[in-house]
Amino acid sequence: MPRSPEEVQISVSSAPIAKLGSKRYYDLIGTLEVMKKVYRESIVDGFELQLQPEWDSENPPLTDTQFADWTKT
């Protein structure tokens, strides 16, 4: 459990960060621009990016293999 504000961590995937800046979920450059702005204007002290697909019913996987795997879960 965090003991001070400096130890507080939040986890937000890239799609909501992109949306925060009115960018598309797949717009990597736009997402990075929003992240830079958040970094400059808040107490966020860094970001961690993970290579995990962010699929939902509105944005399913693009390849047949990924789509087949996605529909199994």
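Step by step: first the residues of segment 61-73, then only those that are at pLDDT below 70 and surrounded by fewer than 12 Cβ atoms within 10 Å (Cβ to Cβ), then the one that is farthest from Ser11 (Cα to Cα). Which residue is that? Steps first, answer last, please.
In the first step, residues of segment 61-73 are kept if they are at pLDDT below 70; the result is 61-62, 70, 73.
From what's left, surrounded by fewer than 12 Cβ atoms within 10 Å (Cβ to Cβ): 62, 73.
Working: Leu62: 25, Thr73: 23 Å.
Ranking the candidates gives Leu62 first.
Of all residues in segment 9-43, count the ones that are within 17 Å of Glu58 (Cβ to Cβ) and among the charged types (D, E, K, R).
Qualifying residue count for the region: 4.
May I ask you to list the residues in segment 34-48 that are exposed (fewer than 14 other Cβ atoms within 10 Å of the Cβ) and under 12 Å from Lys23 (Cβ atoms)?
Scanning segment 34-48 gives a single hit, Lys37.
Go through (1) within 13 Å of the chain's Cα centre (by Cα); (2) at pLDDT 85 or above; (3) hydroxyl-bearing (Ser, Thr, Tyr) and name the single condition Tyr39 misses.
Exception for Tyr39: condition (1).
Can Tyr25 be described as at pLDDT 80 or above and within 10 Å of the chain's Cα centre (by Cα)? Reasoning before the result, please.
Numbers: at pLDDT 80 or above: yes; within 10 Å of the chain's Cα centre (by Cα): yes.
Yes, satisfied.
For residues that are in a helix (DSSP H, G or I) and touching a helix residue (DSSP H, G or I) at 6+ places or on another chain (Cβ under 7 Å), tally how many sit in segment 20-43. Steps first, please.
Residues of segment 20-43 in a helix (DSSP H, G or I): 20, 28-41.
Those left that are additionally touching a helix residue (DSSP H, G or I) at 6+ places or on another chain (Cβ under 7 Å): 20, 30-31, 34-35.
Selection size over segment 20-43: 5.
The values are calculated or read from the model by the stated rules, or taken from the named source; none is laboratory data. From a predicted model like this one, the values you see are computed outputs, not experimental measurements. Neighbour counts are summed over all protein chains in view; Cβ atoms, including those assigned to glycine, are modelled from backbone coordinates with ideal geometry.
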